[in-house]
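Have a look at the structure that comes next, please.
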Amino acid sequence: MRQFNRILWVCMALGILGLGLSCAGTADDGTSAPAITAFTPTQTLVGNTVVITGTGLSKATALTFNGVPVTAYTVDSASQITATVPAAASTGYLTVTTPGGTATSSTSFSVIPAITSISPTRGSSGATVTLTGSGFIGTTRLTFGAQSTVAYGASFTVLSANQVAATVPSDAITGPVYLTASGSTCTGPAFTVE
């Protein structure tokens, strides 16, 4: 008992002196290698929040979504970070960098595409229409007027994560513009075929 009391007294004295030692274990000082164990949700829209959990996250200095830097994030604890999906994010892996190294998620995060506007909103076959929104990297299909897998498909060029240029196909009909990227389909404003 006397031996235990001595050890306890020494631990308390060292703590008071601010030596940063621990008798109960080691704390996360930010120098241990970080690890990402999970994130939720696993897919969402640009601008929404994602909670990243793991270990060694307390001193995070950088965070990316598929290589795109995150400017808005909060280190909640050594095991959790809350981040806002950046505007240029695309589907891919998450990374967290600390003084101890860089951790990469074992699974990829999916950005759900969204069309916020189209220009022009009317035109004829062959016209070029610019779609503005988010999550466009990885676009596999774009249709005018219907989601059919056979007809109404348009040729398109992905200009950036936020812009796509599409050519109105000859069989387009008046109706919403649909875009599929990373396995998700979004509905945009209506385009009027003249």
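Label THR104 and THR140 with points 7 Å out from Cα along Cα→Cβ: what is the distance between them in nm?
Inter-label distance under the simple model: 2.3 nm.
Which distance in nm do the two modelled labels at THR128 and THR55 give, with both placed 7 Å along the Cα-to-Cβ direction?
Spacing of the two 7 Å Cα→Cβ label points: 5.3 nm.
Order ARG141, ARG122, most accessible first, counting only protein heavy atoms with a 1.4 angstrom probe.
Of ARG141, ARG122, the descending order of accessible area is ARG122, ARG141.
Expressed as a whole number of Å, what is the distance separating the alpha-carbon centroids of region 36-80 and region 151-194?
Answer, in whole Å: 31.
Follow-up. Sticking to Cα atoms, compute the Rg of region 40-194 to one decimal and its Dmax as the biggest Cα-Cα distance, whole number, in Å.
Cα radius of gyration and Dmax of region 40-194 are 18.3, 60 Å respectively.
The values are calculated or read from the model by the stated rules, or taken from the named source; none is laboratory data. Note that the structure is predicted; figures quoted are calculated from it, not measured. Every residue, glycine among them, receives a Cβ derived from its backbone with ideal geometry; neighbour counts consider all protein chains shown. What goes into the accessible areas is simple: the full protein's heavy atoms, side chains included, and nothing from ligands, DNA or RNA. Shrake-Rupley method; radii C 1.70, N 1.55, O 1.52, S 1.80 Å.
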